[in-house]
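What follows is one structure encoded as structure tokens, with my remarks underneath.
The values are calculated or read from the model by the stated rules, or taken from the named source; none is laboratory data. Since this is a predicted model, take the numbers as computed values, not measurements. Virtual Cβ from ideal backbone geometry, glycine too; neighbours counted across all protein chains shown. Ligands, DNA and RNA are excluded from the accessible area calculation, which covers all protein heavy atoms including side chains. Shrake-Rupley method; radii C 1.70, N 1.55, O 1.52, S 1.80 Å.
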Amino acid sequence: MKFPLFLLSCLMAFLAGHMVNYSIIFLSLEWFDSHSIAGIGYALCFAPPVILGWFAGVYCDRYSPRNVILVAQNSYFVSLFLLYLAFDQSTDTQLILLLSAAFFSGIGWSFVAPARFAAVVFYVKPEKLMLGSIGLNLMVMTGFGLAPMLLKLVNVDFGWQGVMFTTVGLLFVSSLLLLPLKIKFKSKPADKTLAEIVESLKFIKGSPEVKQLLSLAAIAYLLMGPMQVLLPTVAEQTLQLSQTGQGNYLSLVAFSLIIGGLLTMAIKKKVHFGWLCIISIALAGAGIASLGVIEQLSTSVTLLIIASVCGGIAISLIVAGLQYFSPTQYRGRIMSVYTIIGQFIPAMSGLGAGIFAGLFSYQTALLLFGGLIIFSLLLASWRFKTIRAISQLESH
């Protein structure tokens with residue numbers, strides 16, 4: 001019973017965290033009508049993990065990951081409070097508060113994401129770790145995908161104040177669910193943090209499986225920034241959808257990511273692990289690139305679903321592979337590196353997408369990122385011999 005409750009807590013936390021991110025994006029567009037500010041705000045949501053994520057990994061190996069989660073989620077409350085204050089302020093003050101809120105959201109992501117991945121091993125049996133990891137990743141993807149739909153639905157009926165209170169409620173219940181889910185964790189001596197970080201980097205460098213999986217994760221997460229920063233504009237301007245329609249369009253990402261994760265569970269023993277990782281990321285990149293120039297709703301919806309399903313498959317396989325190849329003593333730090341990638345790369349790609357959209361157009365920005373992803377995958381398919389050789393995790 002502990003694991004289902006843990007997953008529910010994860011779902012609420014990731015849903016709330018992404019609602020904070022989307023609030024920052026939508027408010028940037030509403031208050032300042034600027035893709036650049038939206039990109040900067042989104043980048044700040046995920047910039048702190050570049051530094052703090054390394055410490056998060058050490059703390060998750062040194063202390064109980066559950067306790068790390070409970071402390072770190074308070075940063076989201078600070079972020080929401082700053083956003084709440086910004087509504088009645090002057091434009092300059094709004095900008096300062098908005099970017100400060102994004103920064104505190106980034107602090108939360110720095111610790112919450114790696115801690116939840118490090119905690120999953122305490123709630124499942126060792127032989128169920130792969131399924132448990134995919135299940136947790138489903139919660140991550142579901143939170144990412146459902147956030148814009150829930151935000152838009154609440155915003156239409158109850159305004160931004162309703163969005164703020166809904167997000168606070170999700171975070172509160174998420175922490176409440178974790179309180180009884182205690183784990184047996186023996187705290188480790190406080191060795192030098194820098195030495196532990198260097199030790200984990202040496203392991204990653206010496207493990208071609210982990211190194212190449214992390215590289216594939218970096219390529220896959222190039223998708224996330226343009227999706228969050230530019231797809232709202234695709235829904236509004238290219239497809240001419242209503243507020244509710246925009247939320248429903250963006251929520252297709254959630255359902256498709258879930259389908260991708262579930263599909264991974266069903267086919268994981270029937271397909272080639274390495275090639276499926278590579279091909280699914282390439283298809284996702286091609287699908288996202290085309291969304292800016294397609295004006296027919298049915299075609300756009302179909303491509304968004306296909307791209308998101310492929311993204312869900314790729315990320316699920318990568319997470320399962322990292323858990324499989326990570327020794328217990330390094331797992332927290334390796335998953336921390338993964339979450340740093342999963343936050344820093346979207347932040348930079350979101351920033352880049354916003355800048356390119358400002359310089360050229362959002363259609364051009366989507367095409368550029370799609371092309372970058374496909375080129376990177378062609379290079380990876382040539383260079384990553386170890387990943388290409390992995391047919392099944394269980395038999396490797």
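Tallying residues that are over 24 Å from the mean Cα position of the chain (by Cα) and within 14 Å of H35 (Cβ to Cβ) within the range 359-396 yields 3.
Restricting attention to the range 74-84 and to residues that are open to solvent by 10 Å² or more (accessible area, probe 1.4 Å) and of a type in the set (F, W, Y), the residue that is nearest to A101 (Cα to Cα) turns out to be F81.
Within the range 361-372, one or more residues are in contact with a helix residue (DSSP H, G or I) (Cβ under 7 Å, 6 or more places away or on another chain), buried (at least 17 other Cβ atoms within 10 Å of the Cβ) and closer than 28 Å to L136 by Cα.
Residues are listed down the side, and each one gets a yes or a no for (1) over 15 Å from T244 (Cβ atoms); (2) open to solvent by 50 Å² or more (accessible area, probe 1.4 Å):
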residue: L138; (1), (2): yes, no
residue: M141; (1), (2): yes, no
residue: L153; (1), (2): no, yes
residue: D157; (1), (2): no, yes
residue: Q161; (1), (2): yes, yes
residue: T167; (1), (2): yes, no
residue: F172; (1), (2): yes, yes
residue: L178; (1), (2): yes, no
residue: K182; (1), (2): yes, yes
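Taken over the range 86-113, residues that are in a helix (DSSP H, G or I) and within 17 Å of F32 (Cα to Cα) amount to 13. Of all residues in the range 134-146, at least one satisfies being farther than 13 Å from H18 by Cβ, modelled with pLDDT of 80 or more, part of a helix (DSSP H, G or I) and under 13 Å from the mean Cα position of the chain (by Cα). Residues that are modelled with pLDDT of 90 or more, of a type in the set (A, V, I, L, M) and over 17 Å from F46 (Cα atoms) within the range 1-26 comprise L5, L7, L8, L11, M12, listed in sequence order.
Yes/no per residue for (1) within 30 Å of R62 (Cα to Cα); (2) not in a helix (DSSP H, G or I):
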{"residue": "A320", "(1), (2)": "yes, no"}
{"residue": "Q323", "(1), (2)": "yes, no"}
{"residue": "A353", "(1), (2)": "no, no"}
{"residue": "G371", "(1), (2)": "no, no"}
{"residue": "R388", "(1), (2)": "no, no"}
{"residue": "L393", "(1), (2)": "yes, yes"}
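Restricting the first residue to the range 279-297 and requiring it to be among the charged types (D, E, K, R), which pairs with a second residue that is open to solvent by less than 30 Å² (accessible area, probe 1.4 Å) meet a Cβ separation below 6 Å and a spacing of at least six or different chains? Within 6 Å, the pairs are E295/T238. Working only within the range 210-246, note down all residues that are more than 17 Å from P148 (Cα to Cα) and small (G, A, S). Answer for the range 210-246, where residues must be more than 17 Å from P148 (Cα to Cα) and small (G, A, S): S215, A217, A218, A220. The condition of being under 30 Å from T386 (Cβ atoms), aliphatic (A, V, I, L, M), touching a residue at least 40 places away in the same chain (Cβ under 8 Å) and open to solvent by 20 Å² or more (accessible area, probe 1.4 Å) holds for only one of L194, L222, that being L222. So, L276, is that one at pLDDT 85 or above, open to solvent by less than 10 Å² (accessible area, probe 1.4 Å), more than 23 Å from N21 (Cα to Cα) and out of contact with any Gly (no Cβ under 9 Å at 6 or more places or on another chain) or not? Answer is no for this residue.
For the range 114-128, what are the residues that are open to solvent by 20 Å² or more (accessible area, probe 1.4 Å) and in a helix (DSSP H, G or I)?
V121, F122, P126, E127, K128
Scanning the range 196-237 for residues that are of a type in the set (D, E) and over 17 Å from W54 (Cα atoms) turns up E209, E236. The combined condition, being surrounded by fewer than 19 Cβ atoms within 10 Å (Cβ to Cβ) and either touching a strand residue (DSSP E or B) at 6+ places or on another chain (Cβ under 9 Å) or more than 17 Å from I341 (Cα to Cα) (or both), is fulfilled by G245. Among the residues of the range 381-390, just one is out of contact with any helix residue (DSSP H, G or I) (no Cβ under 6 Å at 6 or more places or on another chain) and among the small types (G, A, S), namely A389. Pairs please, first residue from the range 171-182 and outside any helix (DSSP H, G or I), second anywhere and open to solvent by 90 Å² or more (accessible area, probe 1.4 Å), Cβ atoms under 7 Å, 6+ apart in sequence or on different chains. From the range 171-182, the pairs are L181/K2. Looking across the range 87-97 at every residue that is in contact (Cβ under 8 Å) with a residue 40 or more places away in the chain and not aromatic (F, W, Y), the one that is least open to solvent (accessible area, probe 1.4 Å) is identified as Q94.
Out of the helices (runs of 4 or more DSSP H) lying entirely within the range 7-73, which hold 2 or more residues that are open to solvent by less than 10 Å² (accessible area, probe 1.4 Å) and either in contact with a strand residue (DSSP E or B) (Cβ under 7 Å, 6 or more places away or on another chain) or more than 19 Å from S336 (Cα to Cα) (or both)? Quick ask: steps written out before the conclusion?
Details: elements: 35-46, 49-62, 65-72.
Counting at least 2 such residues, we get 35-46.
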